[in-house]
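*Asks:* Can you keep this structure in mind? I'll have questions shortly.
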Amino acid sequence: MEQGEGSGSKPYDEIWSKLVPSNSKYSDVELWSDEVEIHSEVKASSSEKQGWCKITRNSDLCSATLQNKSLNVISVDGTDVPTEDTIMINCGSEIIPGPVSDGYLSYRFKVMPMNESSKKVLKISLDSDHAKCSICLNIWHDVVTVAPCLHNFCNGCFSEWLRRSQKKHASVLCPHCRSAVQFVGRNHFLHSIEEDILQSDASLRRSDEELAVLNSCALIKSPLVINNGKKPRNKRARSMPDEDDNVAHLSCAQCGTEYGGFKCNQNTVHLQCQACGGMMPSRTNIGVPQHCIGCDRAFCGAYWHSQQVTRSDSYHTCAPETFKPINERTITRIPFLAHEKNRHEQDITERCIRQMGKTLQDVVSEGFTKLNNREIDRTRMQLNHKDMITSRTHLCNDCYDKLVSFVLYWFRINLPKYHLPVDVAQREDCWYGYACRTQNHNEDHARKWNHVCRPTRGGEQGVNGEGTDMESLEDDFKSLFIVPSNSKYSDLELLSDAVEIHSDLEVSSFEEQGWCKITRNSDHCSSTLQNESLDVNCADGNDVSTEDTIIPGPLSDGYSSCRFKKMPINESSKKMFKILLDSEHVKCSICLNIWHDVVTVSPCLHNFCNGCFSEWSRRYEEKHAIVLCPHCISDVQYVGRNHFLHRIEEEIRQSDYSLRRSDEELGVINSYPLIKSLPAINYRKKPRTKRSRAMPEEDNYGANLECAQCGKDYGGFQCNQNTVHLQCNACWGMMPSRTNISVPQHCIGCDRDFCGAYWHSQQITRGDSYHMCALKPIEERSITRIPFLAHEWNRHEQNITERCIWQMGKTLQDVVSEWVAKLNTQEIDRIRMPLNHAEMITSGTEICNECYDKLVSFLLYWFRVCLPKYDLPGDAVQREDCWYGYTCRTQKHNNYHARKLNHVCPPTKGGNEN
């Protein structure tokens, strides 16, 4: 199907008619607007499209008026229509753009019946990343949704994940957020969106072979309940005591026991803490926050602290430090995600703070003060309800890190250049600024350019011309821009098809003037310039192509020249998908209106308005033991806000304002106690009286501790209930987080936590109740064989290196020690070192085993690069260098290629080095 080109009237959300050609090899011409100029094929012998008529819909909605816009005589049901004349056409009318004897096509005018046009066509700005499976990183195929976290995956991908998880682990975790999965089911609503996305962009379709593999793995046909827990074992029967101790097994402290004047009843709705997994009652009538305002997730730390409840064996509670006001928090190190995880920019910020004689806490506190005084623009703040955040707001640890990162961005933006270290003060800004994705994987690029700046190319804050048609942003997202020859003037980014240019004309003046109009041509690579000033514009002809020079006036009068350039495609741009959505599928079955703040219930995965379902569940719980889905009357186990569908909901309202509700109606819905966290849980049956289990003779709580200093004093330190713990990434044991000691607890090469050095300093050896691992300085390590990942896993190059070392009469340890010494004296360029904080690594640095292997591989690369050719084995001397050098991917799967060419060299084609 192809769409007729509208002439300015507002398009409908549905097709009201179409022109059907008599020759089936040509596409139908769809009419979406009341007034449409038809551009289509007119001759069977030519595929060229021409504009030949204009069709205007009549008020009876069943007929239209055709106006001849071509030089030929158009025939309508045998009646000739000369140029510029009009005629009424009805459903079934035959239209011929010219004489049949000359080979002109015949079209049949067809008015769409109501049952075919009932679906609304909505232009939804949908980022393709939001519709991707996080396992295979492709658009969903036969999409399924897991609960309670409501993340979406391919059926085949998650089925395979489920099979492997159940084989190795007691519980199944969500691949996206690592929360426990309780239910999984096919999501039919998202399945229709998946199909429409693939129809709108065929390049996103997978091959038939790949789909066949996915379908063969797919196991989920209906909602599936996943039993999480330890695998059953044969146990001896327990003795049956006479008294009931059901209360001891409740997960909420106030279920069965009164604290702070409150006790849960059978109708109390509970929230699950996103930090410890414990339960707490949902209470909206107290002044203590239960949700983080930055992410809308539930946290119990502040609530239980206000109720003076401490952690127990029978229920989980968080420490107050996990959820506390901003002004009560302290920070000692820059968050890992600051400056878009660019370690070079983080190091620069750290050095700037140190040079100014301040601490990180001082800078962050000053930033929070400016935040309170509304001195900082909050547009880039990556938190919900950002306008409501003050220094007294309660935030979780994750949101606090995001807020600190935001404050440090503004600290760097407003920092004068003379406060920057000398070696970075002269760096130029990256075109894409903080939005640059290359900085995350290219160390050289991250260090060479300044990324703490606003984007000027392809970003969201470029300097724009005054466009007249912003809808053209849909067209492939290929923009153009004009670069002035004098770098002190800003570039002009052309974000629409027709742009009137207002900029500085003369070098001696900063006054902006309108001087030309640029219209993008159909090839998207060139444009037509129209002079709208009193001076003569100098350009390379009327059509302006890439790299053309434009001069607004005579150079002798001081006019500045500009260079016309094509904007590279911004890979992070959102794609516009035209999705056919039946309005009945996006309605709440309680209020029968379009969703408002949509929530999803599981396991049935039906969707409702937040306020509607909250009121439904409140009323239902007053009369029944369980809550049923209003749509299918099945048991509801979990309910949570669905952020993906919330984006769909917002786009629907923007595309059709008639679907918006009145402010009064929204006020009523918002007055109900809303579901804020993801998920809000605890719709379950009333507790039944159970026989209690036999109590053990002694408390064995201490035997199950994972941290050696929890419950016992070692090295003058013992953990308390507020101690924050770190989990070792090698043995998964726990250790207290202590920033006031000189012993490292993090590997500087990967920023992961390791417990070996800490427990060694505390003189603690491995025990049954806790785990420990090794973390040693580089100079204390020994190595006897080349790491598997050396030379990009190329076994031929590893063998050559091994033979070189043997011919020189040395051992691998000798070579590594020599090059570690060169590392200390800064004789090696560290650009290719695949470790974080590469500039800070010396022989005394304590790193983990994986980072040590990466470091050894890096040193062996330099050993080979600096090795004279006469020290190489005879069969390796005459090999030519591979064009792609160490970046070559063919060497990993093609043994002949890996052996024939030398890959221990910098790339000369297609690589990332100059």
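*Asks:* Restricting attention to the range 248-285, which residues are under 23 Å from Leu395 (Cα atoms) and loosely packed, with under 13 Cβ neighbours inside 10 Å?
*Replies:* Correct list: Thr284, Asn285.
*Asks:* Sort out which residues of the range 294-327 are over 35 Å from the mean Cα position of the chain (by Cα) and among the basic types (Lys, Arg), and write them in order of number.
*Replies:* Of everything in the range 294-327, just one residue is over 35 Å from the mean Cα position of the chain (by Cα) and among the basic types (Lys, Arg), namely Arg311.
*Asks:* Out of all the residues in the range 401-409, is one or more farther than 24 Å from Cys276 by Cβ, open to solvent by less than 20 Å² (accessible area, probe 1.4 Å) and small (Gly, Ala, Ser)?
*Replies:* yes
*Asks:* State all residues of the range 367-398 that are of a type in the set (A, V, I, L, M) and open to solvent by 80 Å² or more (accessible area, probe 1.4 Å); if no residue qualifies, say none.
*Replies:* The one that is of a type in the set (A, V, I, L, M) and open to solvent by 80 Å² or more (accessible area, probe 1.4 Å): Met388.
*Asks:* Which of the residues belonging to the range 708-729 are at pLDDT 80 or above, surrounded by 12 or more Cβ atoms within 10 Å (Cβ to Cβ), in a loop (DSSP other than H, G, I, E, B) and of a type outside the set (Gly, Ala, Ser)?
*Replies:* Of everything in the range 708-729, those that are at pLDDT 80 or above, surrounded by 12 or more Cβ atoms within 10 Å (Cβ to Cβ), in a loop (DSSP other than H, G, I, E, B) and of a type outside the set (Gly, Ala, Ser) turn out to be Gln709, Cys710, Lys712, Gln718, Cys719.
*Asks:* Among (1) open to solvent by less than 80 Å² (accessible area, probe 1.4 Å); (2) modelled with pLDDT of 90 or more; (3) not aliphatic (A, V, I, L, M), which single condition is Asp13 missing?
*Replies:* If we test Asp13 against (1) open to solvent by less than 80 Å² (accessible area, probe 1.4 Å); (2) modelled with pLDDT of 90 or more; (3) not aliphatic (A, V, I, L, M), just (2) comes out false.
*Asks:* Taking only pairs six or more apart or across chains, which ones have beta-carbon atoms under 9 Å, a first residue in the range 724-746 that is among the charged types (D, E, K, R), and a second residue that is modelled with pLDDT of 80 or more and open to solvent by 40 Å² or more (accessible area, probe 1.4 Å)?
*Replies:* Close Cβ pairs (under 9 Å, with a partner that is modelled with pLDDT of 80 or more and open to solvent by 40 Å² or more (accessible area, probe 1.4 Å)) amount to Arg738/Phe717.
*Asks:* Every residue in the range 848-869 that is surrounded by 21 or more Cβ atoms within 10 Å (Cβ to Cβ) and either at pLDDT below 85 or of a type in the set (Asp, Glu) (or both), please.
*Replies:* Scanning the range 848-869 gives a single hit, Cys848.
*Asks:* Return the total of residues in the range 592-611 being touching a residue at least 60 places away in the same chain (Cβ under 8 Å) and within 23 Å of Ser671 (Cβ to Cβ).
*Replies:* 10
*Asks:* Would you please name the residue that is nearest to the chain's Cα centre (by Cα), looking only at residues in the range 171-185 that are free of Cβ contacts under 8 Å to residues at least 40 places away in the same chain and either assigned to a loop (DSSP other than H, G, I, E, B) or under 8 Å from Val146 (Cα atoms) (or both)?
*Replies:* Top of the filtered list is Cys177.
*Asks:* Restricting the range 149-166 to residues that are of a type in the set (A, V, I, L, M, F, W, C) and assigned to a helix (DSSP H, G or I), which is nearest to Leu605 (Cα to Cα)?
*Replies:* Phe158
*Asks:* Another question, if that's okay. Those residues that are under 18 Å from Arg343 (Cβ atoms), open to solvent by 50 Å² or more (accessible area, probe 1.4 Å) and part of a loop (DSSP other than H, G, I, E, B), I need them from the range 730-762; list them, please.
*Replies:* Arg752
*Asks:* Please enumerate the residues belonging to the range 205-225 that are under 29 Å from Ile648 (Cα atoms), of a type in the set (A, V, I, L, M) and either at pLDDT below 80 or open to solvent by 60 Å² or more (accessible area, probe 1.4 Å) (or both).
*Replies:* Leu219, Ile220, Leu224, Val225
*Asks:* Quick check: anything in the range 153-170 hydrophobic (A, V, I, L, M, F, W, C) and surrounded by fewer than 18 Cβ atoms within 10 Å (Cβ to Cβ)?
*Replies:* Yes, the range 153-170 has at least one match.
*Asks:* Next question, about the same structure. I need the full set of residues from the range 348-373 which are farther than 29 Å from Lys448 by Cα and either touching a Leu at 6+ places or on another chain (Cβ under 9 Å) or β-branched (Val, Ile, Thr) (or both), in order please.
*Replies:* Passing the criteria: Phe368, Thr369, Leu371.
*Asks:* How many of the residues making up the range 339-361 are surrounded by fewer than 19 Cβ atoms within 10 Å (Cβ to Cβ), part of a loop (DSSP other than H, G, I, E, B) and in contact (Cβ under 8 Å) with a residue 40 or more places away in the chain?
*Replies:* Number of matching residues: 1.
*Asks:* Hey, among Thr801, Thr811, which residue is open to solvent by 20 Å² or more (accessible area, probe 1.4 Å) and polar (S, T, N, Q)?
*Replies:* When all the criteria are applied, what remains is Thr811.
*Asks:* Applying the selection to the range 16-43, what residues are buried (at least 18 other Cβ atoms within 10 Å of the Cβ) and of a type in the set (Val, Ile, Thr)?
*Replies:* Val29, Val36, Ile38, Val42
*Asks:* When the residues of the range 425-450 are narrowed to those that are part of a loop (DSSP other than H, G, I, E, B) and within 19 Å of the chain's Cα centre (by Cα), which ends up farthest from Ile831 (Cα to Cα)?
*Replies:* Here the answer is Tyr432.
*Asks:* Can you list residue pairs whose Cβ atoms sit under 9 Å apart, with the first residue in the range 76-102 being within 20 Å of Lys18 (Cβ to Cβ) and at pLDDT 90 or above and the second being small (Gly, Ala, Ser) and open to solvent by 60 Å² or more (accessible area, probe 1.4 Å)? Count only pairs 6 or more apart in sequence or on different chains.
*Replies:* From residues that are within 20 Å of Lys18 (Cβ to Cβ) and at pLDDT 90 or above, the pairs are Glu94/Ser22; Glu94/Gly78.
*Asks:* Suppose we filter the range 86-100 for residues that are over 18 Å from Gln50 (Cβ atoms) and among the small types (Gly, Ala, Ser); how many remain?
*Replies:* Of the residues in that region, 2 qualify.
*Asks:* Going through the range 319-338 one residue at a time, which ones are of a type outside the set (A, V, I, L, M, F, W, C) and open to solvent by less than 60 Å² (accessible area, probe 1.4 Å)?
*Replies:* Hits for the range 319-338 are Pro320, Thr322, Lys324, Pro325, Arg329, Pro335.
*Asks:* Next up: Please state which of the following conditions His316 fails to meet, knowing it meets all the rest: (1) open to solvent by 20 Å² or more (accessible area, probe 1.4 Å); (2) assigned to a helix (DSSP H, G or I); (3) more than 30 Å from Glu443 (Cβ to Cβ).
*Replies:* (2)
*Asks:* Determine which member of the set Val309, Val364 is closer than 30 Å to Ile841 by Cα, open to solvent by less than 20 Å² (accessible area, probe 1.4 Å) and of a type outside the set (D, E, K, R).
*Replies:* Val364
*Asks:* Would you mind telling me which numbered condition in (1) within 30 Å of the chain's Cα centre (by Cα); (2) surrounded by 17 or more Cβ atoms within 10 Å (Cβ to Cβ) His903 fails?
*Replies:* Of everything listed in (1) within 30 Å of the chain's Cα centre (by Cα); (2) surrounded by 17 or more Cβ atoms within 10 Å (Cβ to Cβ), His903 misses just condition (1).
*Asks:* Looking only at the range 610-633, filter to residues that are of a type outside the set (D, E, K, R) and modelled with pLDDT under 75; which one of those is nearest to Lys587 (Cα to Cα)?
*Replies:* Ile626
The values are calculated or read from the model by the stated rules, or taken from the named source; none is laboratory data. From a predicted model like this one, the values you see are computed outputs, not experimental measurements. No Cβ is skipped: glycine too gets one built from the backbone with ideal geometry, and neighbour counts run over all protein chains shown. These accessible areas exclude ligands, DNA and RNA; they are computed on the full protein's heavy atoms, side chains included. Shrake-Rupley method; radii C 1.70, N 1.55, O 1.52, S 1.80 Å.
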